[in-house]
Amino acid sequence: MKKKFLFPLTLLLSTVIALSACSGEEVNNSVKVTPSELFQGDTIRLEPHMNMISGCVQVEYMGNKDNMSLKYEIWEEGNLKIEREILSSPIEENKFDGEISISIKDINSSRSTSDSMEMTTVIRTEEGYSSTSGPIDRFNGEYGHSPQEIQNKINGTEDEEITIWGLTAGDKLFSGGEDIQKSIEKSKWGLVVKLYFE
């Protein structure tokens with residue numbers, strides 16, 4: 001009698017272990033970042049009139065970290081000059097599904113006299129949003145500038161920093177589908193925003 005029930009019991013245990021492994025893979029520290037746009041539909045016509053540079057991405061996360069955080073770096077001539085934390089948002093029930101948007105605008109009306117810009121960063125979900133604004137060092141007012149946006153979906157893990165947006169400035173601009181970090185490091189001036197988990 002014991003032998004007859006041994007196989008079904010073994011099969012049941014194997015199934016439970018396999019299902020546990022599968023659910024473990026589902027929450028397997030996965031991060032997906034997808035390109036998006038802050039201005040969509042007819043509102044895209046307003047963007048040039050808002051006197052700001054913007055970027056936006058969709059983020060999906062499943063894992064065991066407590067917080068999703070953002071930081072920015074400013075690079076000059078290929079060297080890291082400034083690195084600062086921006087914003088952090090708690091992760092509930094091991095998952096996040098929302099949007100990160102960034103906008104930068106001049107504090108003064110004249111680019112040539114301003115030495116700083118205001119950066120606003122927003123983390124938004126269906127439940128609400130958290131945001132922060134503050135000054136950052138400005139690039140030379142005589143430089144041209146170009147936003148650096150991700151071109152394709154990024155699949156990552158919770159243990160890595162993921163570059164989600166950048167801005168380059170200089171007399172020569174690097175863009176057009178290149179790796180954002182490489183574009184930043186090749187430019188006279190560059191700002192990069194990175195996502196990470198804690």
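The values are calculated or read from the model by the stated rules, or taken from the named source; none is laboratory data. Bear in mind the structure is a predicted one, so any value in this text is a computation, not a measurement. Backbone-built Cβ (ideal geometry, glycine too); neighbour counts: all protein chains shown.
List of remarks:
- Screening 92, 73 for residues that are crowded, with 17+ Cβ neighbours inside 10 Å and at pLDDT 85 or above leaves exactly one candidate, 73.
- Residue 116 being of a type in the set (S, T, N, Q), closer than 14 Å to residue 101 by Cα and exposed (fewer than 14 other Cβ atoms within 10 Å of the Cβ): no
- Flag if residue 112 is assigned to a strand (DSSP E or B) and either among the acidic types (Asp, Glu) or modelled with pLDDT under 95 (or both): no
- Counted residues, the stretch 119-153 - those being within 14 Å of the chain's Cα centre (by Cα), at pLDDT 95 or above and buried (at least 18 other Cβ atoms within 10 Å of the Cβ): 3
- For residue 64, the conditions (1) within 26 Å of residue 152 (Cβ to Cβ); (2) of a type in the set (S, T, N, Q); (3) part of a loop (DSSP other than H, G, I, E, B) are fulfilled apart from (1).
- Among the residues of this structure, residue 104 counts as one that is buried (at least 17 other Cβ atoms within 10 Å of the Cβ) and either in a strand (DSSP E or B) or at pLDDT 95 or above (or both).
- For the stretch 39-62, the criterion of being among the acidic types (Asp, Glu) and at pLDDT 95 or above is met by at least one residue.
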